[in-house]
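Every number in this text was worked out from the coordinates using simple rules, so none of it is lab data. Every value quoted in this text rests on a predicted model; they were computed, and no experiment measured them. We place every Cβ from the backbone using ideal geometry, glycine too, and count neighbours over all the protein chains shown.
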Amino acid sequence: MKRFINYLKERKFFVVFTLVVLSATFLLQYRTDKIEQERNKTGIKYKNITPGLTDKDSVIKELGEPASKVSKDNESALWSYNTKSANRKNEVVYEKDTVVFVKEIITLEDKINYNTLTQNHGEPEYKLNGPGSYNGFYLYAYVSKGIAFIANPVSGTVIEIWYFPPTTLDTFLNTWAVGYTEGELPPKQ
């Protein structure tokens, strides 16, 4: 035992240096894990709006007053905002006073396409069939990241991007993507 203690005393610098490196590595990994956990809990932002965190006052500061407000009940509301599209509006959905969903309308002027989104977010976790699927438009969902978009991969056209807190596929289908399904399309009649 004395030999071991003498060995450590002779190599104090090495021992201290090793402890510092191990401590720094542990703390850096801990911090990185915490940041990743927070990002996974909150998902991807639309402008400075984070579904699951942002409140109504912050949305007004970011987007201004909505073109219309519809209260669904005492706890939920849908606010609509004008877009570059003459017929379609961006939507912000609230539960209590917190944003839970944002639908962004995409126009050709936005210069956002299928390839841009898959380069930024990777391959979609799910390709879902819905109302426009017979025309080549599918809902591509990254439920673990809190983002989805409706696009035609052949033309590259994107018509909507959805932002929401990260969730499971079942919750996503039952909450935001009602009417969408996994799997192949049945033959068109």
Of the listed pairs K45/K72; K84/K127; K69/K111; K72/K111; K72/K103, those with alpha carbons more than 22 Å apart are K45/K72; K84/K127; K69/K111; K72/K111
Measuring from its Cα centre, the stretch 56-175 shows a charge dipole (+1 at each Lys and Arg Cβ, -1 at each Asp and Glu Cβ) which, in debye to the nearest 20, is 240
Fewest to most Cβ atoms within 10 Å: L63, L128, L139, L53 sort as L53, L63, L128, L139
Diffing the stretch 139-153: the Karplus 3J(HN,Hα) column from phi (6.51, -1.76, 1.60, θ = phi - 60°), in whole Hz with x for Gly and Pro, holds 9, 9, 10, 10, 5, 6, 9, x, 8, 8, 8, 9, 8, 10, x
Amide H proximity to T83 below 5 Å, modelled H, separation 5+ or other chain, gives N90
Non-local residues with an amide H under 5 Å from the amide H of V100, with H modelled 1.01 Å from N and Pro and chain starts lacking one, are G52, V93, Y94, E95
Kirkwood Rh for the stretch 56-175 from C-alpha pairs, in Å, is 15.2
Computed about the Cα centre, the charge dipole of the stretch 118-189 from +1 Lys/Arg and -1 Asp/Glu charges at the Cβ has a magnitude in debye, to the nearest 20, of 120
